[in-house]
Structures are given as C-alpha cells and as structure tokens.
Amino acid sequence: MADELSLVVSAAFNKGGISTQRSDSISVDVAGDAFTHQVQSIPASDTALLEGVAIGNPGYIFIKNLDSTTSVTVGLTESYAIKLLAGEVALFRAAGAIYALSDSGSVNVEYWMIEE
C-alpha cells in the first residue's frame with residue numbers, strides 16, 4: 001500500500017506590516033505498521049520517549065509540550081536540537097531513539113510516533 005500517512009503543515013506570520021503565509025502537504029509511504037500515542041512526564045534529565053509498542057524504526061514524530069510555563073527540549077540520541085516552549089508543537093522525522101529533557105521539574109508531553 002502507498003501513501004498511508006498524510007502530513008499537512010501551515011504557518012502564517014503578520015507583524016510590523018509584514019505578512020506571509022505558507023502551507024504544504026505530503027503523502028508518505030510507511031513500511032511498518034506500529035504506532036503509539038502517549039502522554040509522558042519528562043523530568044529535568046535525559047529521558048527516552050516510550051514507544052509503547054514495538055516500533056522497529058521510528059519514522060515521524062508529532063510532539064506537543066502540554067506544560068503552561070516550562071519548556072522542553074527534544075532530540076535524537078541525547079543531542080537536543082528542538083526546543084518547545086510551553087504549549088508548542090513540532091513535527092519531524094526521526095533518525096534514531098527520541099529523547100527529551102525539561103528545563104526544570106517535570107513536564108508532560110503528548111506525542112504520536114509512527115514506525116518508518
């Protein structure tokens with residue numbers, strides 16, 4: 001089967017007399033059939049996101065910081081390149097184990113992880 005995953009991204013910016021918007025969508029072939037949807041508490045130390053089911057190779061990850069004040073950083077194999085402020089979201093393709101780390105205390109994140 002082809003195109004099992006549909007992704008749509010949209011953004012609009014309007015400030016200081018400058019206005020722009022962009023949206024795009026793609027359909028992705030997914031080789032595996034494993035999927036997980038979790039809410040996980042992330043402490044202020046390196047924490048792997050739980051897969052919940054046997055995901056061989058993580059593919060796309062959609063993640064949202066559910067905290068109202070504290071930020072969380074997310075990355076691959078403990079190299080944190082994505083910062084989510086309170087309430088922010090990110091969508092990316094994984095290339096290994098996914099880790100997260102809160103700036104302070106524990107932060108709940110909600111995520112979808114779809115096998116590649």
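The values are calculated or read from the model by the stated rules, or taken from the named source; none is laboratory data. Please read these numbers as outputs of a predicted model, since none were measured by experiment. Virtual Cβ from ideal backbone geometry, glycine too; neighbours counted across all protein chains shown.
Structure values in brief
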item	result
Residue check for residue 41: in a strand (DSSP E or B), touching a residue at least 60 places away in the same chain (Cβ under 8 Å) and exposed (fewer than 15 other Cβ atoms within 10 Å of the Cβ)	yes
Single condition residue 34 does not satisfy, out of (1) surrounded by 13 or more Cβ atoms within 10 Å (Cβ to Cβ); (2) at pLDDT 95 or above	(2)
Qualifying positions in the range 47-64 - exposed (fewer than 15 other Cβ atoms within 10 Å of the Cβ) and at pLDDT 90 or above	48
Unmet criterion (only one of (1) out of contact with any strand residue (DSSP E or B) (no Cβ under 7 Å at 6 or more places or on another chain); (2) of a type outside the set (Val, Ile, Thr); (3) part of a loop (DSSP other than H, G, I, E, B); (4) modelled with pLDDT of 95 or more) for residue 67	(1)
Pair list, Cβ under 6 Å, 6 or more apart: the range 18-36 residue under 23 Å from residue 49 (Cα atoms), other residue of a type in the set (S, T, N, Q)	none
In the range 33-73, residue nearest to the chain's Cα centre (by Cα) [restricted to those that are over 20 Å from residue 96 (Cβ atoms) and polar (S, T, N, Q)]	65
Number of the condition not met by residue 53 [criteria: (1) in a loop (DSSP other than H, G, I, E, B); (2) aliphatic (A, V, I, L, M); (3) without any contact (Cβ under 8 Å) to a residue 12 or more places away in the chain]	(3)
Subset tally (residues that are aliphatic (A, V, I, L, M), assigned to a loop (DSSP other than H, G, I, E, B) and farther than 14 Å from residue 61 by Cα) for the range 1-38	3
Flag if residue 109 is more than 18 Å from residue 7 (Cβ to Cβ), under 10 Å from the mean Cα position of the chain (by Cα), part of a strand (DSSP E or B) and among the β-branched types (Val, Ile, Thr)	yes
All positions within the range 74-107 that are crowded, with 17+ Cβ neighbours inside 10 Å, under 14 Å from residue 42 (Cα atoms) and out of contact with any Pro (no Cβ under 7 Å at 6 or more places or on another chain)	74, 75, 84, 99, 100, 101, 107
